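Reviewing the structure listed below.
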Amino acid sequence: MRVLVTGGTGFLGTALVRRLRADGCDVVALGSHDTDLTRPDPLAGYDSQRFDVIYHLAAWTQAGDFCLRHPGEQWVKNQQINTAVLDWWQRHQPQAKLVAMGTSCSYAPDLPLVEDQYLNGTPIDSLYTYAMTKRMLLVGLRALATQFGLRYLYLVPSTLYGPGYHTDGRQMHFIFDLIRKLLAAQAGGPDAVLWGDGHQKRELIYVDDFVDTAVRLTATVENDVVNVGSGEEHSIREFADAICELIDYDPAHIQYDTAKYVGARSKVLDVSKLARVLPDRANTSLRDGLRETINWFKLAKPRAA
Ligand SMILES: NC(=O)c1ccc[n+]([C@@H]2O[C@H](COP(=O)([O-])OP(=O)(O)OC[C@H]3O[C@@H](n4cnc5c(N)ncnc54)[C@H](OP(=O)(O)O)[C@@H]3O)[C@@H](O)[C@H]2O)c1
């Protein structure tokens, strides 16, 4: 099978490309340095090749308050990236199934996080532009499927974690930041200060679990939206306690800064559709996933933002 992966150099892309190659796929993995998708006709060099699947992972974003500080650039760049990929798909790769990534941030916080509600209500202010570009990606997929009979799949991941995250100093998703602060404190640094009161709840999915699920859904589901999460929600305090136990650090030393930005109070995807489509799916336990992530973190030593 011939596969093209945009965002193939990113955190998720690297894990997906590794899995696809292990499965024997012929993979073209693109990053922004070889193929800047904001430039005119960026995929022209691949016009004559025929792909069976296009995984569209490329997006211009970071964790933390990045979306709050870059709404204008995010709108321009992500609209350019998504339009370039969808336009090229329709004109040059109509035989391919396009698998795109949404975000749980696109859901309105006052509505259930169930697929039928993805385009309804208003996403939270701080992530509004990023969330709306992801909604427009789904609108584009649907429009092209309707007019040209193309095939797509739109997956909505919860927050991904696992080995292989960024090491280059960009803002980290909360779980990596938590590990960084607690490892530093355990190594004799100042006490860890966590953002918020620690009661805000989050869901994680281990990156290799997500990749496995994405590959299986690509083979079985067409022209639909599917939430892909672990279905488990934990408070920041629970995540911190689990990390403390694994690294042998006393959680009583942790301080909580309630003045800091924390985003939504609670965010867990409804995964009942996923359970119906893939009833035999299993998740890596949080403890095992955190242990692997901490081990990677100690070796890779990612820089803080
Ligand atoms: N990580 C999560 O928890 C999470 C959760 C929900 C949804 N998602 C979605 O999943 C996808 C992958 O996420 P990720 O965590 O792997 O993100 P990531 O590590 O930031 O990777 C982003 C990828 O997009 C590429 N990219 C950025 N700007 C580009 C441009 N102008 N032209 C071409 N490529 C460009 C990057 O290339 P370079 O590295 O070469 O610059 C990189 O390969 C994204 O669509 C994201 O919205 C992720």
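Read the figures in this text as sums done on the coordinates, not as results from a lab. Since the structure is predicted, the reported quantities are computational estimates derived from the model, not experimental observations. Cβ: placed from backbone, ideal geometry, glycine included. Neighbour counts: every protein chain shown.
Distant-in-sequence amide contacts of residue 97, defined by a placed amide H-H separation under 5 Å and a gap of 5 or more residues or a different chain, comprise 53, 54. For segment 211-305, the extents of the C-alpha atoms along the principal axes are 48, 32, 25 Å, listed from largest to smallest.
My understanding is that a pair violates if its Cα-Cα distance is over 22 Å; which of 267/298; 181/260; 134/267 do that in this structure? Could you put the intermediate results ahead of the total?
Working: 267/298 28 Å; 181/260 15 Å; 134/267 17 Å.
Listed pairs above 22 Å: 267/298.
Give me 75, 60 sorted ascending by neighbouring Cβ count inside 10 Å, so fewest comes first.
Ranking 75, 60 by Cβ neighbours within 10 Å, fewest first, gives 75, 60.
Each stretch of four or more DSSP H residues adds -39500 (n - 2.57); spread over every residue of the chain, this sum gives -12500 deg cm²/dmol at 222 nm.
With the simple spin-label model, which puts each label point 7 Å out from Cα in the Cβ direction, the residue 220 to residue 122 separation comes to 3.9 nm.
For residue 156, nonlocal amide neighbours, meaning residues 5 or more places apart or on other chains whose placed amide H falls under 5 Å from its own, are 102, 226, 227, 228.
Largest first and in whole Å, what are the equivalent-ellipsoid semi-axes of segment 108-208 based on the Cα gyration tensor, each being the root of 5 times an eigenvalue?
On the way: eigenvalues 244, 58, 27 Å².
In descending order the semi-axes read 35, 17, 12 Å.
Using alpha-carbon pairs under 8 Å, 6+ residues apart, how would you state the relative contact order of the chain in percent?
Result for the chain is 19 percent.
Sequence-ordered 3J(HN,Hα) estimates for segment 87-92 from the Karplus curve with 6.51, -1.76 and 1.60 and θ = phi - 60° stand at 5, 5, 4, 5, 7, 10 Hz, glycine and proline given as x.
Enclosing the Cα atoms of segment 49-106 in their convex hull gives a volume equal to 85 cubic angstrom per residue. Look at the alpha carbon pairs under 8 Å that are at least 6 residues apart: their mean separation over the length of segment 8-160 gives a relative contact order of 23 percent.
Could I get the Rg over Rh figure for the chain? Both from C-alpha atoms, Rh via Kirkwood, rounded to two places.
Taking Rh as the inverse mean 1/r over Cα pairs, Rg/Rh reads 0.96.
All Cα-Cα separations within segment 181-238 were binned at 5 Å from zero, giving a P(r) of 4, 15, 15, 15, 15, 12, 9, 8, 5, 2, 0, each value a whole percent of the pairs.
Phi angles across segment 115-126 convert, under the Karplus curve 6.51 cos²θ - 1.76 cosθ + 1.60 with θ = phi - 60°, into 3J(HN,Hα) values of 3, 4, 9, 4, 9, 9, x, 10, x, 5, 3, 5 Hz, Gly and Pro given as x. Volume of the convex hull of segment 115-171 (Cα atoms only), normalised per residue: 138 Å³. Each of 37, 81, 55 was scored by the projection of its Cα onto the charge dipole of segment 1-106, and the greatest displacement toward the positive side belongs to 55; charges sit on the C-beta of Lys, Arg, Asp and Glu.
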